[in-house]
Amino acid sequence: MEFINPNKVFGLGTGSTVNYLIKEIHEAYVSKGQSITAVSTSEETTNLARRLGMNIIDLDQVDELDVVIDGADEVDPKNNLIKGGGGALLMEKIVASHSKQFIVIVDDSKIVSKLGKFPLPIEIVRFGSEKTKSSVEKLLSRLGYQKPKVYFRGAPSGKYVTDQQNYILDLHLNEIEDVRQMYQGLIGIVGVVEVGLFIDMAAKIIIGDTNGSCKVI
Ligand code: DER
């Protein structure tokens, strides 16, 4: 909360952590009559924020944002992240890229020595999605990953469709040896829109623990 200036437009990520933040913002400002304007990274965030009385505007209506606050699925010692467990990685990355400060809130269970235990989400276009999936599998074997499992999120009951009308592939890698090499390889595949690796983006990580205290790194 202390990183938010209620008089300036800020960015709101997506997920259960951000949902708590939205409720706190409502409590601290909106419920006391202060108007709050934010840019959102998903329909889920937009719906909750609007329901709690906030104005949500389009990213293109603002110049650079001062602050964007989001959650993450994993954080490594260099503050690189896996994101996209909630399915909003593309919009989250676009909004975070237009912010002076990208701040991430996690609990200590998400701090890891190497990224990859959490399946890496990538957003791919729906056209030719099986072909894109094979290209991803070929890349992973070339990079030395033995029989990596790559799944369409939501399949087989019904493939998950993102707010931007794309699919998500979850890559079960266990450990990502070289995050930059992985990012470069995946983003170079035609059909891949964005990768849930957020490298060198987070300015601060706020880590909460089960005692209710938190530290900022
Ligand atoms: O999908 C996402 O990128 C979310 O922000 C995710 O990284 C954090 O979600 P959570 O707060 O529900 O754990």
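Residues in the range 43-64 include at least one that is at pLDDT below 95 and open to solvent by 40 Å² or more (accessible area, probe 1.4 Å).
For residue 108, are the conditions met, namely being touching a helix residue (DSSP H, G or I) at 6+ places or on another chain (Cβ under 9 Å), at negative phi and not hydrophobic (A, V, I, L, M, F, W, C)? For residue 108, the condition - touching a helix residue (DSSP H, G or I) at 6+ places or on another chain (Cβ under 9 Å), at negative phi and not hydrophobic (A, V, I, L, M, F, W, C) - is not met.
How many residues does the range 1-20 contain that are within 8 Å of the ligand (Cβ to nearest atom) and exposed (fewer than 12 other Cβ atoms within 10 Å of the Cβ)? Quick ask: steps written out before the conclusion?
In the first step, residues of the range 1-20 are kept if they are within 8 Å of the ligand (Cβ to nearest atom); the result is 13-19.
Filter once more, so that each one left must be exposed (fewer than 12 other Cβ atoms within 10 Å of the Cβ): 16.
The qualifying residues number 1.
Of the strands (runs of 3 or more DSSP E) lying entirely inside the range 120-215, those containing at least 2 residues that are among the β-branched types (Val, Ile, Thr) and either under 25 Å from residue 91 (Cβ atoms) or open to solvent by less than 90 Å² (accessible area, probe 1.4 Å) (or both) are 120-124, 192-195, 204-208. Just wondering, is there one or more residues in the range 24-32 that are within 16 Å of the ligand (Cβ to nearest atom) and either touching a residue at least 12 places away in the same chain (Cβ under 8 Å) or in the same structural domain as residue 190 (by TED's automatic domain parsing) (or both)? Yes: one or more hits. When restricted to residues that are open to solvent by 10 Å² or more (accessible area, probe 1.4 Å) and closer than 12 Å to residue 204 by Cβ, the range 65-85 contains 2. Restricting attention to the range 68-83, the residues that are more than 6 Å from the ligand (Cβ to nearest atom) and in contact with a Phe, Trp or Tyr (Cβ under 6 Å, 6 or more places away or on another chain) add up to 4. For the range 92-110, taking the residues that are of a type outside the set (Asp, Glu) and surrounded by fewer than 16 Cβ atoms within 10 Å (Cβ to Cβ), the one that is nearest to the ligand (Cβ to nearest atom) is identified as 109.
The values are calculated or read from the model by the stated rules, or taken from the named source; none is laboratory data. Predicted, not measured: the structure shown is a model, and the values here were computed from it. Positions of Cβ are generated from backbone atoms using ideal geometry, with glycine treated the same way; all protein chains shown enter the neighbour counts. Heavy atoms of the whole protein, side chains included, go into the accessibility calculation; ligands, DNA and RNA do not. Shrake-Rupley method; radii C 1.70, N 1.55, O 1.52, S 1.80 Å.
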